[in-house]
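Structure, as structure tokens:
The values are calculated or read from the model by the stated rules, or taken from the named source; none is laboratory data. Because the structure is predicted, anything quoted here is derived from the model rather than measured. As a convention, Cβ positions derive from the backbone with ideal geometry for all residues, glycine included, and neighbour counts pool all protein chains shown.
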Amino acid sequence: MFTSATHRAQTVEEVSQRPAIELEDVSRSFGTVEALQHVSFAIPEGQAVALLGPNGAGKTTAIGLMLGLRRPSHGQVRLFGLDPRDRRARSRCGCMLQESGVPLNLTVREIITLFRSYYPHPLPLAQVLEMAGLQKKAMTHVGSLSGGQRQRLYFALAICGDPDVFFLDEPTTGLDVEARRHFWEQLRAFRQLGKTIVLTTHYLEEADTLADRIILLDHGRVRADAPPALLKAQVTNRRIAFEVNEPLPAGFFDQLPVSQLEIQGHRVSLLTPQLETVLRALLTQPGEITNLTITEASLEEAFLQLTRAESEAKGG
Ligand SMILES: Nc1ncnc2c1ncn2[C@@H]1O[C@H](COP(=O)(O)OP(=O)(O)OP(=O)(O)O)[C@@H](O)[C@H]1O
């Protein structure tokens, strides 16, 4: 579909061996706030990584460090083996940050042309407009774009330099479901060009859909670092759902290891880390149990369990 004029053919070994980004024992404080603490990871070229975490986890700080917009208080950050502020590294980056200010009195075409001029090997204008789905808006003034269209423009400006690594800080916040899915398609197409992608998100579905790997940050530390499927498997919780022909005795679940217990009429759903214990109790009580299903925890449940374990370990 899309072609990249400057995209070099790379062998599998090259793609997997050369890290695009490296953080080595990185900490960053703002006064007394430790936004990141002893964070280390490497992102190989061609990988799509989601930095996931609750508010204040340190996601934006991490992106700022990788882009050279901030400096670490401790440790080292490298972008393509260079200081992230080095022009050679920066010219290979595209970014869509939370606060992207652009002049409102230019047309879409004019501003993309301006941004293309900053890069040594920009993508053709027509391709940028097509990738961002802005062909029909080329002559529209930026100030007249809707929120969703403006988000597409930010995407266009971020990719127009044909970056090797693309940083996105909460790119779909505020978009409706349709616009979000459209954006995911655009990003997937961009990924197929072999690009490295680092995105922060609050949307677990977004991380699950787009990322090869999720780095879960919480209170400035890496809490988990794994592919989405493995992250879900790390979590011992299972969801049990079933129907009862008559209500279970009062207090039935009080002594059982269950959480997120929901009872709606005859339908019961719960989470448990001890599947056998709960099943034994259910199957030995006198009432009839039907439509029993047992499923793996969703990514959302995994996320909650992992972050809860962290705050409990801290006594929080
Ligand atoms: N410029 C700053 N000055 C002071 N404190 C800051 C600054 N930037 C970030 N922080 C603090 O560092 C911590 C991490 O913030 P950061 O923005 O990186 O988190 P985040 O995971 O991106 O959060 P969100 O999902 O809400 O955007 C927070 O406690 C935040 O208040």
Yes/no for A179 being surrounded by fewer than 21 Cβ atoms within 10 Å (Cβ to Cβ), in a helix (DSSP H, G or I) and in the same structural domain as T113 (by TED's automatic domain parsing):
yes
Residue list for segment 30-53, filter: within 10 Å of the ligand (Cβ to nearest atom) and exposed (fewer than 15 other Cβ atoms within 10 Å of the Cβ)
F30, G31, T32, V33
Criterion first (assigned to a loop (DSSP other than H, G, I, E, B) and either at pLDDT below 95 or within 16 Å of the ligand (Cβ to nearest atom) (or both)) does G56 satisfy it?
yes
Just to confirm my filter: which helices (runs of 4 or more DSSP H) fall fully inside segment 209-316 and include at least 1 residues that are assigned by TED's automatic domain parsing to the domain that holds I43 and modelled with pLDDT of 80 or more?
228-234
When you check V128 against the structure, is it out of contact with any Phe, Trp or Tyr (no Cβ under 7 Å at 6 or more places or on another chain) and assigned by TED's automatic domain parsing to the domain that holds M66, yes or no?
yes
Here's a check for you: in segment 73-89, which residue that is surrounded by fewer than 19 Cβ atoms within 10 Å (Cβ to Cβ) and not in a strand (DSSP E or B) is farthest from the ligand (Cβ to nearest atom)?
R88
Flagged in segment 184-205 as surrounded by 22 or more Cβ atoms within 10 Å (Cβ to Cβ) and farther than 19 Å from L123 by Cα, in numbering order, are V198, L199, T200, T201
Looking at segment 144-153, is at least one residue in a helix (DSSP H, G or I), in contact with a strand residue (DSSP E or B) (Cβ under 7 Å, 6 or more places away or on another chain) and either of a type in the set (D, E, K, R) or modelled with pLDDT under 85 (or both)?
no
Restricting segment 193-247 to residues that are more than 16 Å from the ligand (Cβ to nearest atom) and among the polar types (S, T, N, Q), which is farthest from the chain's Cα centre (by Cα)?
N245
Residue hits (segment 182-192; farther than 15 Å from A50 by Cα and part of a helix (DSSP H, G or I)) are H182, F183, E185, Q186, A189, F190
Within segment 193-204, the residues that are at pLDDT 85 or above and either part of a loop (DSSP other than H, G, I, E, B) or not polar (S, T, N, Q) (or both) are G194, K195, I197, V198, L199
